[in-house]
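The structure appears below as structure tokens.
Every number here is computed from the coordinates shown, using simple stated rules; none is lab data. It should be emphasised that the depicted structure is a prediction, and the values quoted were computed from it without experimental measurement. No Cβ is skipped: glycine too gets one built from the backbone with ideal geometry, and neighbour counts run over all protein chains shown.
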Amino acid sequence: MDDCRARLLILSGKNTQDADVVNSLREHYEIEFFEDTSRAIQALRDGRYDAILSDVGDFLPLERSLADQQAATVLNTIGEGVCVVDAHGMCVWLNERMKRFPPEVHDRVRQTCVSAHTVFENQICSGKADMARQPSKKFGFQVAEDRYFEAIVSPVINGGVVEQVVAVVWDATSGRRIQQKIDAIDAAGRELVRLESDNVSKLDVGERLKILEEKIIRFTSDLMHFDHFCIRLHNKRTNKLELVIAVGLPQEAMEVDLYSEPEGNGISGYVVTTGRSYICDNSLQTNA
């Protein structure tokens, strides 16, 4: 037997028992026979076949099985968790990514789906839902102390009835942390310009600058976690980047003269000259 021959699945039926047909096919295929549809479907799920021979009436469930298998493969490949939940909070199907989420995430997703199921039903009953364009809702929730998840929940509508709810779930922890940091930086920026209170207005210029410097150092350390940094101002008359604030830098670094030039003046000179940001690999050595 040639092991390289293609594999043929034959589902026994009224028109697939012809001995002459089967014998002719044996010349080209490695044939496997199945007596009932359920076993044939299981074989299709577990193995790979190059062709299928069945009666016309038996082919539809086989075709549906292949479509379901392909859909499951796609849903198991994507990076988000996907699950199907009924009206009672029972998870009737979930992909591999969803299975890897912790139990507390599963609990929150089921609770969310039950709530969404009620909302979708009420929308349909009140005529507010567009049946041609099924409504979806986005939810967010926190588990533990530092993990955030988001989900888009959509109804499975059949005959005007919400039968199930499908949820697409992803870990939004990284994005949430970035947004929190952005919000904190924005709040810090607004606080930096709020210096005209009664107490500050009584201070002279030097004392105000001292308060501003202390705030900049505190925010830079607390929010950006920078322990070594400096702030320079561009003197347009001399083109020099003059040192204004320095924290954690050795004396020789503070004595370096930098100018607004694209080359020979480190990253600072390049950024000031071009007006473009510069992302530097931490492993690279720089002089500014």
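Points to keep in mind about this one:
- Residues of region 96-122 with amide N under 19 Å of the 7 Å Cα→Cβ point at E80: 96-102, 105-117, 120
- Per-peptide average of other Cβ atoms within 10 Å, ordering 90-99, 177-186 highest first: 90-99, 177-186
- Projected label distance in nm at S136 and V114, using a 7 Å step from Cα toward the beta-carbon: 2.5 nm
- FRET E, pair A253, I178, Förster distance 25 Å, beta-carbon r, rounded to 0.05: 0.25
- Fully extending the segment from D55 to D227, taken as 0.36 nm per residue of separation minus the present Cα-Cα distance, adds 54.4 nm.
- In this simple spin-label approximation, A144 and V22 carry label points 7 Å from Cα along the Cα→Cβ vector, and these lie 5.8 nm apart.
- Karplus 3J(HN,Hα) series, Hz, for region 106-119 with 6.51 cos²θ - 1.76 cosθ + 1.60 (x for Gly, Pro): 4, 4, 5, 5, 5, 4, 5, 5, 5, 5, 5, 4, 5, 5
- Förster radius 35 Å - calculated FRET efficiency between C91 and F33 (Cβ-Cβ, nearest 0.05): 0.45
- Efficiency of FRET from Cβ geometry, N158 and N122, R₀ 22 Å, rounded to 0.05: 0.80
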